[in-house]
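Participant: There's a structure below that I have some questions on.
The values are calculated or read from the model by the stated rules, or taken from the named source; none is laboratory data. Fair warning: this is a prediction, and the values are worked out from it, not measured in the lab. All Cβ positions, glycine included, derive from the backbone under ideal geometry; neighbour counts span all protein chains shown.
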């Protein structure tokens with residue numbers, strides 16, 4: 001059996017690309033021959049290093065020809081609906097595209113050739129189904145929870161997310177400002193680390209973050225590989241995220257977090273997630289149980305101080321976060337893809 005995979009964003013190596021690679025891994029594990037469209041075979045090494053996934057058997061080709069000649073085609077949409085030509089066509093939405101005229105006659109005709117539309121969260125599904133007039137299915141992204149384990153914890157607050165400003169602002173600048181306020185108000189011996197991809201990045205934004213961080217215990221780690229990320233998750237006590245802060249869920253759904261793979265990765269290592277209350281975050285976090293949701297920077301400061309001062313809160317929430325992360329394992333993802341999609 002031959003499968004073709006297309007993702008126009010492979011060079012960003014973010015959560016959507018991890019989803020694509022994981023889908024390829026499910027196929028490879030099931031004995032499929034899998035081709036992925038890209039302009040250079042070095043992308044395989046880059047994906048293996050970033051995500052820690054063995055992709056032996058995956059082949060890079062210049063053109064999968066919209067799936068022509070393949071038994072299956074998995075296509076990540078950029079908002080458009082392609083005319084796919086394999087025997088079984090799957091269209092995947094990572095982004096909740098909206099207000100683009102998706103429910104037009106041409107798209108309806110193209111959708112006749114697509115067997116299933118897959119979304120990464122209920123948040124994405126709700127918007128996609130309304131925009132395109134479809135009934136998609138949700139398969140949550142897989143997280144390598146078994147290999148991300150808790151280590152001896154340090155006084156470390158971590159955020160992991162690419163530094164790109166193109167589609168979704170991760171708001172690292174907001175986290176820096178909040179951390180500086182905490183330090184200025186007496187927080188001692190704590191460090192903030194911001195780690196993420198810099199493959200597509202606004203150089204001025206990154207330079208500004210570095211300038212903002214001067215004279216504080218703040219470290220920026222560019223494009224870390226999976227082994228570095230595992231170590232950071234293992235040591236971190238708290239995981240912050242400001243993704244979606246300042247945006248309207250309804251008006252600009254594409255600018256908030258669509259799911260939040262790095263949140264689950266942090267949870268699997270026992271780090272307490274304190275994340276902005278929007279988008280897919282709300283499908284992962286039960287506020288006050290396995291993490292915390294915040295809506296203002298003052299609230300982020302208040303919650304963080306609460307965690308720092310009450311050891312019983314830290315212990316109970318950390319344990320629950322670790323347990324709940326198992327719901328997003330690769331084994332769960334593989335089972336759902338095989339039983340419901342393939």
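Participant: Restricting the search to the range 194-238, which residues are assigned to a strand (DSSP E or B) and surrounded by 20 or more Cβ atoms within 10 Å (Cβ to Cβ)?
Facilitator: 194, 195, 196, 218, 238
Participant: Still on this structure: From (1) surrounded by fewer than 16 Cβ atoms within 10 Å (Cβ to Cβ); (2) under 16 Å from residue 8 (Cβ atoms); (3) modelled with pLDDT under 95, pick out the condition that doesn't hold for residue 168.
Facilitator: It is condition (1) that residue 168 fails.
Participant: Go through (1) more than 23 Å from residue 304 (Cα to Cα); (2) buried (at least 18 other Cβ atoms within 10 Å of the Cβ) for residue 159 and report which single condition fails.
Facilitator: Result: residue 159 passes all but (1).
Participant: Further, regarding this structure: I need a count of the residues in the range 239-269 that are crowded, with 24+ Cβ neighbours inside 10 Å and on the phi > 0 side of the Ramachandran plot.
Facilitator: 2
Participant: Further question on the same structure: Please go through (1) over 24 Å from residue 249 (Cβ atoms); (2) assigned to a helix (DSSP H, G or I) for residue 131 and return the number of the only condition it doesn't satisfy.
Facilitator: (1)
Participant: If the requirement is being at pLDDT 95 or above and closer than 23 Å to residue 128 by Cβ, which of these qualifies: 77, 30, 42?
Facilitator: So the residue among 77, 30, 42 that is at pLDDT 95 or above and closer than 23 Å to residue 128 by Cβ is 77.
Participant: Looking at residue 184, is it modelled with pLDDT under 95 and more than 30 Å from residue 98 (Cα to Cα)?
Facilitator: no
Participant: Inside the range 278-317, can you point out the residues that are assigned to a helix (DSSP H, G or I), more than 14 Å from residue 157 (Cα to Cα) and in contact (Cβ under 8 Å) with a residue 60 or more places away in the chain?
Facilitator: The answer is 282, 283, 297.
Participant: Which is assigned to a helix (DSSP H, G or I) and closer than 26 Å to residue 129 by Cβ, of 275, 263?
Facilitator: Within the list 275, 263, the selection yields 263.
Participant: Then there's this: Condition test on residue 149, is it more than 17 Å from residue 91 (Cα to Cα) and surrounded by fewer than 22 Cβ atoms within 10 Å (Cβ to Cβ)?
Facilitator: So residue 149 passes the test.
Participant: Now a separate question. Give 69, 79, 101, 133 a once-over and let me know the one that is on the phi > 0 side of the Ramachandran plot, touching a residue at least 40 places away in the same chain (Cβ under 8 Å) and not assigned by TED's automatic domain parsing to the domain that holds residue 227.
Facilitator: Just a single option satisfies the conditions, and that option is 69.
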